[in-house]
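Q: Supplied in C-alpha cells, the structure appears directly below.
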Amino acid sequence: MPYPEMLLQPMRLELTRLGVEELRSANDVDEAFEGTDSKTMVLVVNSVCGCAAAMARPAVALARQHAIQPDRYTTVFAGQDMEATARARYHMAGIPPSSPFIALIKGGEVVYVIERRHIEGRSAQSIARDLTGAFDKFCANDAMPDMPESPKIESPMRAFRTFRRF
C-alpha cells in the first residue's frame, strides 16, 4: 500500500526543485532508459527513511553543484511509485534492490551504484564526493568499465579514528 501523497510531497520536492525528473510510471522509466544510449543519467530511488532525508537527497543536491554533470537526473519513489520503481529495478537486473539508492547509467548500462549500505552512517558530503568522482570518470570521457562500481567504505574503526581527530 502506497504512502499518503501528502506525506511524500516535501520529499519529492527536495529533488524536483533541483531539476531531478520524476518517473512515475513504468513507461516513464522505459523511456528514460531508452534515452541513455549515448548519454548519462542519474537515477535516484527516493525513500521516506531517515538516511534518504539526511544523507541521500542532500548528497544529490551537493553533487548538482559539481562542474561535470550527467545529461539527466531522474528519480522514482520506493513505496509510492511502485510500478516505476519495479521497472527501474528491472532495468538494473543483478543489482540488489535498495532504497535509497543512486545509480549512474551510461550508454544504457549501470556504471556506478551507491546502495543503502554505502549511504547509512556517512555524511552527505562524502556521498556527494563519491558521486562526483563517478561523474568525473564516466561523464567527462568515453571510458566505460565492464562491471558497475560502488564506493569503498572505510571500516567503522577507521571512521571513528578520523572522527576523533577533529
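The values are calculated or read from the model by the stated rules, or taken from the named source; none is laboratory data. Remember, predicted model here, so these are calculated numbers, not experimental data. Heads up, the Cβs are rebuilt from the backbone with ideal geometry, glycines too, and the neighbour counts pull from every protein chain shown.
Q: Any residue in segment 89-98 that is over 22 Å from ARG117 (Cα atoms) and of a type outside the set (A, V, I, L, M)?
A: Residues of segment 89-98 over 22 Å from ARG117 (Cα atoms): none.
No, the conditions are met nowhere in segment 89-98.
Q: So, one more: Look through segment 96-131, keep the residues that are part of a loop (DSSP other than H, G, I, E, B) and more than 13 Å from the chain's Cα centre (by Cα), and return whichever of them is farthest from ALA63 (Cα to Cα). Break it down into steps so the answer makes sense when it comes.
A: Taking segment 96-131 as the starting set, the residues that turn out to be part of a loop (DSSP other than H, G, I, E, B) are 96-100, 107-108, 115, 120-123.
Next, only the ones that are more than 13 Å from the chain's Cα centre (by Cα) stay: 96, 107-108, 120-123.
Values: PRO96: 24, GLY107: 21, GLY108: 21, GLU120: 18, GLY121: 18, ARG122: 15, SER123: 13 Å.
Ranking the candidates gives PRO96 first.
Q: Let me ask you something else. Could you please give the count of residues in segment 54-101 that are touching a Cys at 6+ places or on another chain (Cβ under 9 Å) and over 23 Å from GLU120 (Cα atoms)?
A: Summing the residues that are touching a Cys at 6+ places or on another chain (Cβ under 9 Å) and over 23 Å from GLU120 (Cα atoms) in segment 54-101 gives 4.
Q: Looking only at residues that are in contact with a Leu (Cβ under 9 Å, 6 or more places away or on another chain) and surrounded by fewer than 21 Cβ atoms within 10 Å (Cβ to Cβ) in segment 56-69, which one is nearest to LEU7 (Cα to Cα)?
A: Kept after step one, since they are in contact with a Leu (Cβ under 9 Å, 6 or more places away or on another chain), are these residues of segment 56-69: 57, 59-64, 66.
Filter again for surrounded by fewer than 21 Cβ atoms within 10 Å (Cβ to Cβ), leaving 61-62, 64, 66.
Working: ALA61: 21, LEU62: 24, ARG64: 25, HIS66: 30 Å.
Ranking the qualifying residues of segment 56-69, first place goes to ALA61.
Q: Determine which member of the set ALA134, ALA93, ALA86, ALA53 is aliphatic (A, V, I, L, M), surrounded by fewer than 19 Cβ atoms within 10 Å (Cβ to Cβ) and either at pLDDT 95 or above or assigned to a strand (DSSP E or B) (or both).
A: Details: ALA134 fails: surrounded by fewer than 19 Cβ atoms within 10 Å (Cβ to Cβ); ALA93 fails: either at pLDDT 95 or above or assigned to a strand (DSSP E or B) (or both); ALA53 fails: either at pLDDT 95 or above or assigned to a strand (DSSP E or B) (or both).
Only one candidate passes the filter, namely ALA86.
Yes/no matrix, rows are residues, columns are (1) hydroxyl-bearing (Ser, Thr, Tyr); (2) within 19 Å of ARG12 (Cα to Cα); (3) at pLDDT 95 or above:
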position	(1), (2), (3)
GLN69	no, no, yes
LEU104	no, no, yes
ARG129	no, no, yes
ALA140	no, no, no
PRO145	no, no, no
PRO148	no, no, no
LYS152	no, no, no
SER155	yes, no, no
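Q: Ok, one more. How many residues are of a type in the set (Val, Ile, Thr) and without any contact (Cβ under 8 Å) to a residue 60 or more places away in the chain if we restrict to segment 24-65?
A: Going through segment 24-65, the residues of a type in the set (Val, Ile, Thr) turn out to be 29, 36, 40, 42, 44-45, 48, 60.
Those left that are additionally without any contact (Cβ under 8 Å) to a residue 60 or more places away in the chain: 44-45, 48.
Adding up the residues that qualify gives 3.
Q: When only residues in segment 1-50 that are in contact with a Lys or Arg (Cβ under 6 Å, 6 or more places away or on another chain) and not in a helix (DSSP H, G or I) count, which is surrounded by the fewest Cβ atoms within 10 Å (Cβ to Cβ)?
A: The residue in question is LEU18.
Q: Among the residues of segment 99-109, write down those that are over 15 Å from ASP136 (Cα atoms) and buried (at least 19 other Cβ atoms within 10 Å of the Cβ). Give the derivation first.
A: So in segment 99-109, the residues over 15 Å from ASP136 (Cα atoms) come out as 99-102, 107-109.
Selection gives SER99, PRO100, PHE101, ILE102.
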